[in-house]
């Protein structure tokens, strides 16, 4: 379904992750991301959609937040509440765990998704601009790094 999402978002050439990478990220010794799936008919095993998220941290709030990396509902299942079920489930995680916010990006041309997000009370963050460094620019920037002290991992507690 990740490939389906990439095609829908017109970014198929950028979707290079392998099933093994997803398995390691989701089910490895230290999961980096988490997921929910929703199916149309549990007995048939037909997945209708998924959401992949990870924790971030707000220095202003002093608590974790939940960042929705991807939400996808297959076209034949749209308009039946599956996306809202996924969003509500992640909101429940935020509330239950005491997280301070639930955020994500959405492509500006995806009017159907924007309508769903508006219907659940999401607010556009129009005053912010997304920045990204990849490829050679990332390599060049890394080459400029001087060693800095870090908090030793032993002083880190488990995610909350």
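Laboratory data are not the source of any read-out in this text; all were calculated from the coordinates shown. It should be emphasised that the depicted structure is a prediction, and the values quoted were computed from it without experimental measurement. Cβ atoms come from the backbone with ideal geometry, glycine included; neighbour counts cover every protein chain shown.
The residue 93 and residue 18 beta-carbon pair, evaluated with R₀ = 30 Å, returns a calculated FRET efficiency of approximately 0.65.
Here the label points at residue 56 and residue 76, each 7 Å from Cα along the C-beta direction, are separated by 3.5 nm in the simple model.
Each of 60, 104 was scored by other Cβ atoms within 10 Å of its Cβ. Arranged with the fewest first, they read 60, 104.
In this calculation the C-beta distance from residue 85 to residue 126 is compared with R0 = 35 Å, giving a FRET efficiency of 0.80.
Between residue 139 and residue 40, the distance separating the two model label sites (each 7 Å from Cα on the Cα→Cβ line) works out to 4.5 nm. With a simple spin-label model that places each label point 7 Å from the Cα along the Cα-to-Cβ direction, the separation between residue 30 and residue 47 comes to 2.6 nm. Once both axes come from the Cα atoms, what is the angle between helix 82-97 and the longest principal axis of the chain, in degrees from 0 to 90, rounded to 10? For 82-97 against the chain, the angle is about 40 degrees.
Sorting 101, 10 from the fewest to the most surrounding beta carbons within 10 angstrom yields 10, 101. Residue exposure proxy: 125, 90, 1, ordered by other Cβ atoms within 10 angstrom of their Cβ from fewest to most, comes out as 125, 1, 90.
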